[in-house]
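Participant: The structure under discussion is supplied below as structure tokens; questions concerning it will follow.
The values are calculated or read from the model by the stated rules, or taken from the named source; none is laboratory data. Note that the structure is predicted; figures quoted are calculated from it, not measured. Cβ placement follows ideal geometry from the backbone for every residue including glycine, while neighbour counts extend to all protein chains displayed.
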């Protein structure tokens with residue numbers, strides 16, 4: 001029998017779909033790569049279904065690509081023509097919220113926003129947060145070690161994951177569902193599945209650490225003269241606000257002016273500035289707003305801040321965030337683009353942004369190079385569009401320029417989006433041959449036939 005026939009016999013037509021009945025959405029992710037018809041689509045309802053599918057793929061040496069919300073930008077969930085796509089969309093339940101233990105247990109196909117709301121309903125907070133919260137899944141968050149807007153305060157995805165249930169390449173179920181904050185028995189096996197993009201196993205469930213929901217907070221929109229002032233303000237805000245500083249989101253005019261005009265948002269400040277910043281604070285101090293006001297007043301007196309406004313209510317807070325969270329509007333406002341998710345050491349960030357934007361403009365005079373990012377964790381996002389190129393964007397040349405400069409600044413080619421297919425050829429810019437060899441040795445031990453997401457990331 002063929003692999004598809006074996007899967008159908010073991011799991012039935014409710015779980016296995018083949019041929020033209022495979023939905024369009026499962027033929028591609030958000031990476032922009034051409035759609036691919038996989039050999040079969042498996043949509044399991046249980047961990048046992050996942051185990052059975054992996055066992056069949058392992059025995060036949062058939063590649064398997066795991067899919068979640070398909071919102072990744074690097075091709076990590078993009079299917080393979082001669083492989084099986086395994087979508088966890090039906091394994092989407094929140095299983096429990098334990099307030100006393102401060103944990104949330106959910107299946108990997110659960111949408112992040114659903115899990116966040118389940119925690120909020122119990123007065124708690126799942127502090128992993130990113131713009132794709134309404135479509136990305138917890139499994140995807142784990143597989144890419146996602147970051148987002150609150151990394152400065154709460155850390156990356158791996159800082160929130162206490163335990164996982166994962167299925168190995170041969171179908172073995174690994175029940176590593178630790179619920180304890182402190183557990184130092186042997187190897188911390190969950191780490192093998194966080195940030196490894198489905199190359200080591202398929203996560204089916206996870207236990208997340210929850211945080212108490214802040215009772216007080218304040219959000220400010222700030223204009224400063226340049227990147228040097230921005231970095232000085234970040235240092236001052238860290239000192240003045242401590243752990244109350246949750247977000248420090250930066251937008252250069254290249255991003256802010258184009259996207260503000262594109263969504264028709266009002267400018268909250270008088271005049272133009274060299275850099276715009278959204279600062280969000282949160283905690284349990286009823287004087288949180290006053291603390292933020294004092295921090296900004298001191299910064300203004302020191303010449304770091306040119307203008308600032310603090311939201312007075314939720315509506316105003318959303319308005320201050322509107323431009324920063326407008327990235328889903330790129331296709332309408334900018335058109336076809338080449339996106340980057342890079343990390344640059346903060347002491348070189350100002351120089352790097354200026355160099356990148358200048359170099360892109362020098363090569364393509366009509367280029368739009370939009371810079372923004374999570375400066376508290378050294379994460380720079382850059383999107384580039386060359387209007388004169390139309391649909392034939394010089395993607396290869398743009399990537400060579402940007403990733404080359406990223407390497408020169410001792411940065412990383414992936415801060416939070418992963419490697420997937422898109423960045424595989426530049427992984428050596430950020431990892432040594434020795435590191436890559438060690439990763440591949442671990443991969444070979446867990447997946448000796450190399451069926452899990454082959455050709456992606458370091459696999």
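Participant: Please state which one of 426, 353 is assigned to a helix (DSSP H, G or I) and surrounded by fewer than 22 Cβ atoms within 10 Å (Cβ to Cβ).
Facilitator: Numbers: 353 fails: surrounded by fewer than 22 Cβ atoms within 10 Å (Cβ to Cβ).
After ruling out the rest, the residue left standing is 426.
Participant: Can you name the residue in the stretch 372-400 that is assigned to a loop (DSSP other than H, G, I, E, B) and under 25 Å from residue 424 (Cβ atoms) and, of all such residues, is modelled with the lowest pLDDT? Spell out how you get there, then give the answer.
Facilitator: To start, the set of residues in the stretch 372-400 that are assigned to a loop (DSSP other than H, G, I, E, B) comprises 378, 386, 390-394.
If we keep only those that are under 25 Å from residue 424 (Cβ atoms) too, we end up with 378, 386, 391-394.
Details: 378: 93, 386: 97, 391: 90, 392: 94, 393: 95, 394: 97.
This residue is 391.
Participant: A further question on this structure: Determine whether residue 410 is out of contact with any helix residue (DSSP H, G or I) (no Cβ under 7 Å at 6 or more places or on another chain), over 11 Å from residue 340 (Cβ atoms) and either in the same structural domain as residue 226 (by TED's automatic domain parsing) or free of Cβ contacts under 8 Å to residues at least 12 places away in the same chain (or both). Walk me through how you get there before you give the answer.
Facilitator: Numbers: out of contact with any helix residue (DSSP H, G or I) (no Cβ under 7 Å at 6 or more places or on another chain): yes; over 11 Å from residue 340 (Cβ atoms): yes; either in the same structural domain as residue 226 (by TED's automatic domain parsing) or free of Cβ contacts under 8 Å to residues at least 12 places away in the same chain (or both): no.
Against the criterion (out of contact with any helix residue (DSSP H, G or I) (no Cβ under 7 Å at 6 or more places or on another chain), over 11 Å from residue 340 (Cβ atoms) and either in the same structural domain as residue 226 (by TED's automatic domain parsing) or free of Cβ contacts under 8 Å to residues at least 12 places away in the same chain (or both)), residue 410 does not qualify.
Participant: Can you tell me which residues in the stretch 104-129 are without any contact (Cβ under 8 Å) to a residue 40 or more places away in the chain, surrounded by fewer than 22 Cβ atoms within 10 Å (Cβ to Cβ) and not in a strand (DSSP E or B)?
Facilitator: Within the stretch 104-129, 113, 114, 116, 117, 118, 121, 122 meet the criteria.
Participant: Next question, about the same structure. So which of 369, 308 ends up being surrounded by 18 or more Cβ atoms within 10 Å (Cβ to Cβ), assigned to a strand (DSSP E or B) and over 25 Å from the mean Cα position of the chain (by Cα)? Show your work before the answer.
Facilitator: Working: 369 fails: over 25 Å from the mean Cα position of the chain (by Cα).
After ruling out the rest, the residue left standing is 308.
Participant: Determine whether the stretch 328-339 contains at least one residue that is over 20 Å from residue 247 (Cα atoms) and free of Cβ contacts under 8 Å to residues at least 40 places away in the same chain.
Facilitator: Yes, the stretch 328-339 has at least one match.
Participant: Among the residues of the stretch 268-283, write down those that are at pLDDT 95 or above and not in a strand (DSSP E or B).
Facilitator: Correct list: 268, 269, 272, 273, 274.
Participant: Got a sec? Which of 57, 6 is at pLDDT 95 or above, touching a helix residue (DSSP H, G or I) at 6+ places or on another chain (Cβ under 6 Å) and not in a strand (DSSP E or B)?
Facilitator: When all the criteria are applied, what remains is 6.
Participant: Do we find a residue being part of a helix (DSSP H, G or I), touching a helix residue (DSSP H, G or I) at 6+ places or on another chain (Cβ under 8 Å), surrounded by 21 or more Cβ atoms within 10 Å (Cβ to Cβ) and at pLDDT 95 or above anywhere in the stretch 65-83?
Facilitator: So in the stretch 65-83, the residues part of a helix (DSSP H, G or I) come out as none.
Looking for residues that are part of a helix (DSSP H, G or I), touching a helix residue (DSSP H, G or I) at 6+ places or on another chain (Cβ under 8 Å), surrounded by 21 or more Cβ atoms within 10 Å (Cβ to Cβ) and at pLDDT 95 or above, one finds none in the stretch 65-83, hence no.
Participant: Let me ask another. Which of the residues spanning the stretch 430-450 are over 20 Å from residue 191 (Cα atoms) and surrounded by 16 or more Cβ atoms within 10 Å (Cβ to Cβ)?
Facilitator: Within the stretch 430-450, 449 is the sole residue that qualifies.
Participant: Follow-up. So which of 163, 76 is touching a residue at least 24 places away in the same chain (Cβ under 8 Å), farther than 18 Å from residue 44 by Cα and outside the structural domain of residue 200 (by TED's automatic domain parsing)?
Facilitator: On the way: 163 fails: outside the structural domain of residue 200 (by TED's automatic domain parsing).
Selected residue: 76, the only one of 163, 76 that is touching a residue at least 24 places away in the same chain (Cβ under 8 Å), farther than 18 Å from residue 44 by Cα and outside the structural domain of residue 200 (by TED's automatic domain parsing).
Participant: Could you tell me which residue of the stretch 88-103 is nearest to residue 46 (Cα to Cα), considering only residues that are in contact with a helix residue (DSSP H, G or I) (Cβ under 6 Å, 6 or more places away or on another chain) and part of a strand (DSSP E or B)?
Facilitator: Going residue by residue through the stretch 88-103, those that are in contact with a helix residue (DSSP H, G or I) (Cβ under 6 Å, 6 or more places away or on another chain) are 88, 94, 97.
Adding the requirement that they be part of a strand (DSSP E or B) leaves 94, 97.
Details: 94: 14, 97: 20 Å.
My answer is 94.
Participant: Then there's this: Kindly indicate the residue of the stretch 216-240 that is out of contact with any strand residue (DSSP E or B) (no Cβ under 9 Å at 6 or more places or on another chain) and surrounded by 15 or more Cβ atoms within 10 Å (Cβ to Cβ) and also farthest from residue 379 (Cα to Cα) among those meeting that condition. Break it down into steps so the answer makes sense when it comes.
Facilitator: To start, the set of residues in the stretch 216-240 that are out of contact with any strand residue (DSSP E or B) (no Cβ under 9 Å at 6 or more places or on another chain) comprises 228, 231, 235-236, 239-240.
Retained after the next criterion (residues that are surrounded by 15 or more Cβ atoms within 10 Å (Cβ to Cβ)): 228, 231, 236, 240.
Values: 228: 16, 231: 13, 236: 19, 240: 22 Å.
Out of the qualifying residues, it is 240.
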